[in-house]
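As structure tokens, the structure follows; a few thoughts come after it.
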Amino acid sequence: MKTTFQITFHDWHSFLQSLSEKNTVYLPVKTDENIDYKLYTNDKIDIAYNVAKPVTPLKTFFIPVKENVVIENKNYNKRIIIGIPGCDLKAIEILDEIYLNEVFFDGNYKENRERSILVGTDCYETGENCHCTAYGVEPYPVNNADASLVSMDGKIILTIHTIKGQETLGKIREGFPVTEPSPEILKLVERKREEVKNRLNEQNKLLPDYSKTGRLIKDSGEEIWATYAKTCVSCGACATSCPTCTCFLLIDRPDFEKVRQVDACQYPGFERIAAGEDPLRKKFVRFRNRYLCKYVWKPESFHSIACTGCGRCIDGCIGNISKNKIFIEMNQ
């Protein structure tokens, strides 16, 4: 299933208003210098279409930062998440592999996935640290989206990809005038895609691809990791902002309650065991361990890639550490 049509901004926002009356709708909203998902309330909010990426990764909608996993969730309303970049849509693949697998099956994750409608968007801009194309990820929706949209010339061009998307967003045809986009508009969309891809390819031309990066990390010595880890403060921002990292603690509470809380491999004591032994006690070892996990161990266990090139780990690093600089230096 794939149908494409266009609608004016005014009618699109009117549709969002009606949609939000019975569903929970999230969109990327610009606030000061940041862009992040916000709950849609009215058309006065500054919706940011075709942005590189919101600050919050998509995973947070399916694996919350903190949740009680034994209290039944009665909130079964549909959740429409609009404006998802290609890197986050790609990241969903490894989460599905892990949490929908019968060995690691997670009922809460499955429920959150099933009640969510994912609407992807093309990136018309590139962040300083975006590098999706270096790992074979397109800067526009390819898979895993129920629908996708672009903003062009005062119109929203909406494409429906799945039955799930049709059941929710296809209703726009019932109450609002929609038209078929002209060949010129569609060609312009394709041209924008190529421009962004070329820009990203040029920006990251020295960066090795995903497979080669894994080999470089596996064969690397301690010196380069010790050098770059000097400014690391073990805050865990890299892991918690990553769209594919999902380590967590399971905390017992009275009355047999269990709370799942996000954890990060950069925290001191992450692998501390009985008698205080900790194989990741040294900071640079923890630092390297994170990338061994993403580029070496995950590919050995799963088909999907564990880094989709969003660059959030670099954006949010307090120590100004760029993993891309590390990998380029290794490659040279």
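So for region 35-57 (the condition being part of a helix (DSSP H, G or I), under 18 Å from residue 145 (Cβ atoms) and in contact (Cβ under 8 Å) with a residue 24 or more places away in the chain), does at least one residue qualify? Taking every residue of region 35-57 in turn, none turns out to be part of a helix (DSSP H, G or I), under 18 Å from residue 145 (Cβ atoms) and in contact (Cβ under 8 Å) with a residue 24 or more places away in the chain. State whether the residues of region 277-297 include one that is part of a helix (DSSP H, G or I), aliphatic (A, V, I, L, M) and under 22 Å from the mean Cα position of the chain (by Cα). Within region 277-297, one or more residues are part of a helix (DSSP H, G or I), aliphatic (A, V, I, L, M) and under 22 Å from the mean Cα position of the chain (by Cα). Restricting attention to region 42-55 and to residues that are in contact with a helix residue (DSSP H, G or I) (Cβ under 9 Å, 6 or more places away or on another chain) and surrounded by fewer than 19 Cβ atoms within 10 Å (Cβ to Cβ), the residue that is modelled with the highest pLDDT turns out to be 55.
Could you tell me whether region 174-197 includes any residue that is among the charged types (D, E, K, R), over 30 Å from residue 11 (Cα atoms) and surrounded by fewer than 14 Cβ atoms within 10 Å (Cβ to Cβ)? No, that holds for no residue. Within region 131-148, the presence of at least one residue that is surrounded by 18 or more Cβ atoms within 10 Å (Cβ to Cβ), more than 27 Å from residue 201 (Cβ to Cβ) and among the charged types (D, E, K, R) is confirmed.
For first residues located in region 309-331 and in contact (Cβ under 8 Å) with a residue 60 or more places away in the chain and on the phi > 0 side of the Ramachandran plot, partners that are hydroxyl-bearing (Ser, Thr, Tyr) and in a helix (DSSP H, G or I) and lie 6+ apart or on another chain with Cβ distances below 9 Å form the pairs 309/133; 309/135; 309/210; 320/231. The helices (runs of 4 or more DSSP H) found wholly in region 61-171 and carrying at least 3 residues that are of a type outside the set (Phe, Trp, Tyr), outside the structural domain of residue 312 (by TED's automatic domain parsing) and in contact (Cβ under 8 Å) with a residue 60 or more places away in the chain occupy 86-99, 163-169. Residue 110 satisfies every condition listed in (1) among the basic types (Lys, Arg); (2) crowded, with 18+ Cβ neighbours inside 10 Å; (3) over 27 Å from residue 30 (Cβ atoms) except (2). Taking first residues from region 282-304 that are farther than 17 Å from residue 242 by Cα and partners that are assigned to a helix (DSSP H, G or I) and aromatic (Phe, Trp, Tyr), the Cβ contacts under 6 Å between residues at least 6 apart in sequence or on separate chains come to 284/225.
The values are calculated or read from the model by the stated rules, or taken from the named source; none is laboratory data. Everything quoted here is computed from the prediction, not taken from an experiment. Ideal geometry is used to build each Cβ from the backbone, glycine not excepted, and the neighbour counts take in all protein chains shown.
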